[in-house]
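The values are calculated or read from the model by the stated rules, or taken from the named source; none is laboratory data. Just so it is clear, the model here is predicted, and its values are computed rather than measured. Cβ placement follows ideal geometry from the backbone for every residue including glycine, while neighbour counts extend to all protein chains displayed. All accessible areas refer to the heavy atoms of the entire protein, side chains included, with ligands and DNA or RNA removed. Shrake-Rupley method; radii C 1.70, N 1.55, O 1.52, S 1.80 Å.
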Amino acid sequence: MLSFFLPVFLIFLFLGLPVFFALLAAPGILLWGAGMERDITLLYRNVYNGMDSFPLMAIPFFMLAGELMNRGGITMRLVEFSQALVGHLRGGLAHVNVLSSMLFAGMSGSAVADVSALGSMLIPAMEKNGYKKRFAAAITAASSIIGPIIPPSGIMIIYAYVMGESVAALFLAGIIPGIMMAVGLMIALSLLADRYELPAATKRASWGQRGQASLRAFWPLMTPVIILGGILGGVMTPTEAAAVAVGYAFIVSLFIMRTLKLSDIPDVLMRAGITSAVVLLLVGAAMAFKTVAAMARTPEQMASIILSLSDNVLILLFLINLLLFLVGMFLDAGPAIIILGPILGPIFIELGVDPVHFAIIMAVNLTVGLLTPPMGLVLFVTSSVSGLRLETLSKAILPFLAVQIVVIFLLTYIPALTLTIPRLFGFVQ
């Protein structure tokens, strides 16, 4: 079924049909053509069943927390804190961009939220300070994909939901990969400083200025501490932690920092609701397709094909990285995980790859796919924020994309990078 589904699905995408409808229409047409009209009802009923999950409720809560933080001006506090730490480096604002994305990731878990919040602020600021717009937009887009890797992470929650893994284990496993992405981009910025004629270094902030910036950013920076601390301490489930994050963001923005107005709340709720609806609809459609694929014994057929290519797990991991990279060009990370996770996960776990390690390989690889044309969601959002053509942005992002691919292969072939922190907390043997 998969061999027929993919061409039909891609045709729908190229015709401009939204991914949600393409995910449902392609298998629906195939079932109808095969005379299995009765199963079409099962397909569409499972759209609701796929979304009807307590763990998935964490996603809209984290989306809302991120919107509250952004509207409450907390993003500016993070930028000021980053400026105090790395603003003195050559190309300081570009480094600030990366560090701000890493800090913002600990609150929203969304690449799109990162681009929307930081891009509208930093791209004009970088352009004003002598950066070319395409460079500023490219580093903003590249750094934004740290959002779904560092906890909290929406795609980690989706993977845990589909594969029955521990959300806490996946959150912990994403810390080092997210930091590696940030460090890799900052190293690339240092190496490319002459080629892109990045502005000269500015005066280093004094320790007093750094202390003041730290105090101003204290309340926002406590968000990931509360989330992870509550989950790891066994006090809260991930969904409960997400709800607590919303309450915390509301109190900090409205009462402590007083940067959020009551009149802002309706718009915040609407934006978070729309974003959450898009994600959950895609999850529901992907779960519906997963049901049909299981009926057609697609996982078993796919496993047979993969294992026939080689019996060397290192070679198979290389090939799977290529496959995931290609899939990420056309499909959003959430649906891709739901469709491919149950197919690929058991194969590599059987070959001796740790389940948490493979989860990170999939999640990071598909997240990088948000930057790749023709369907990279982050590219579209960055293009909208910056006003640049998609073709221009796609070319400018290539050096940073190369860095991220190197990081993916390091994570693939050095499991300790992923498993060390979960192992320290007893989530991995």
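A few notes on this one:
- Acute angle (nearest 10 degrees) that the helix 154-163 long axis makes with the longest principal axis of the chain, alpha-carbon atoms: 30
- MRE, 222 nm, helices only [DSSP H, n ≥ 4, -39500 (n - 2.57), over the chain, to nearest 500]: -24000 deg cm²/dmol
- Gaussian network model of the chain, Cα within-10 Å springs - most flexible of 372, 412, 202: 202
- Share of carbon and sulfur in the accessible heavy-atom surface of region 41-140 [1.4 Å probe, %]: 60
- Solvent-accessible ranking of 132, 395, largest area first, probe 1.4 Å: 395, 132
- Computed label-point distance, nm, for sites residue 322 and residue 222 using a 7 Å Cα→Cβ extension: 5.1
- Selected from 72, 233, 369 as most flexible by GNM, with the chain as the system and alpha-carbon contacts under 10 Å: 233
- If the chain linking residue 258 and residue 304 were pulled fully straight, counting 0.36 nm for each residue of separation and taking away their Cα-Cα distance, it would gain 10.7 nm.
- Cα gyration tensor shape for region 229-353, rounded if a/c is under 1.5, else prolate or oblate: prolate
- You can think of it this way: the chain between residue 269 and residue 206 has 18.7 nm of extra reach, that is 0.36 nm per residue less the Cα-Cα gap.
- Note on residue 191/residue 390: beta-carbon distance plugged into 1/(1 + (r/R0)^6) with R0 of 22 Å gives a FRET efficiency of 0.25.
- Whole-number accessible area per residue in Å² for the chain, which is evaluated in the context of all protein chains at 1.4 Å: 42
- Residues of type lysines that residue 128 reaches as a straight line, Cα spacing below 17 Å, ignoring anything fewer than 8 places off in the same chain: none
- Stretch gain in nm, segment residue 37-residue 312, where the contour uses 0.36 nm per residue and the Cα spacing is subtracted: 94.8 nm
- Listed by chain and number, the lysines whose alpha-carbon sits under 27 Å from that of residue 132, ignoring those within fewer than 8 places in the same chain, are 203, 395.
- Prolate/oblate/rounded call for region 365-405, Cα gyration tensor, a/c under 1.5 rounded: oblate
- Region 102-231 shape via C-alpha gyration tensor axes, a/c threshold 1.5: prolate
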